[in-house]
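Asker: Structure in structure tokens, see below.
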Amino acid sequence: MSGLRSQRLAALFVGGWLLFNFPLLALWDQEAHVLGIPLFPAALFTLWALLILAMAWLMEGSDDASQDD
């Protein structure tokens with residue numbers, strides 16, 4: 001695995017860790033609904049799905065990133 005890809009995955013991990021911890025997670029804990037779904041679980045699962053998509057994009061991306069090293 002290239003150094004740049006590892007750095008991007010580490011940055012994604014840190015970003016996810018920050019998103020799913022206090023105080024950023026507390027921003028979504030409000031009495032609001034999105035399409036009939038309470039805001040907190042909707043935001044939680046949306047952020048989770050976005051993190052998974054970003055990780056898949058990083059892992060399945062072309063090896064052009066390895067040429068940046």
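The values are calculated or read from the model by the stated rules, or taken from the named source; none is laboratory data. Keep in mind the model is a prediction, meaning the values are calculated, not measured. Note that we place each Cβ from the backbone using ideal geometry, even for glycine, and neighbour counts take in every protein chain shown. The protein model used for the area step is the full one, side chains on, heavy atoms only, and it has no ligands, DNA or RNA in it. Shrake-Rupley method; radii C 1.70, N 1.55, O 1.52, S 1.80 Å.
Asker: Being open to solvent by 70 Å² or more (accessible area, probe 1.4 Å) and either in a strand (DSSP E or B) or in contact (Cβ under 8 Å) with a residue 60 or more places away in the chain (or both) is the filter here, so list the residues in region 29-43 that pass it.
Answerer: His33, Ile37
Asker: Any idea which residue in region 1-28 is nearest to Glu60 (Cα to Cα), counting only those that are in a helix (DSSP H, G or I) and among the polar types (S, T, N, Q)?
Answerer: Among those residues, the one meeting the criterion is Ser6.
Asker: When only residues in region 49-61 that are open to solvent by 90 Å² or more (accessible area, probe 1.4 Å) and free of Cβ contacts under 8 Å to residues at least 24 places away in the same chain count, which is farthest from Leu27 (Cα to Cα)?
Answerer: Among residues in region 49-61 that are open to solvent by 90 Å² or more (accessible area, probe 1.4 Å) and free of Cβ contacts under 8 Å to residues at least 24 places away in the same chain, the one farthest from Leu27 (Cα to Cα) is Glu60.
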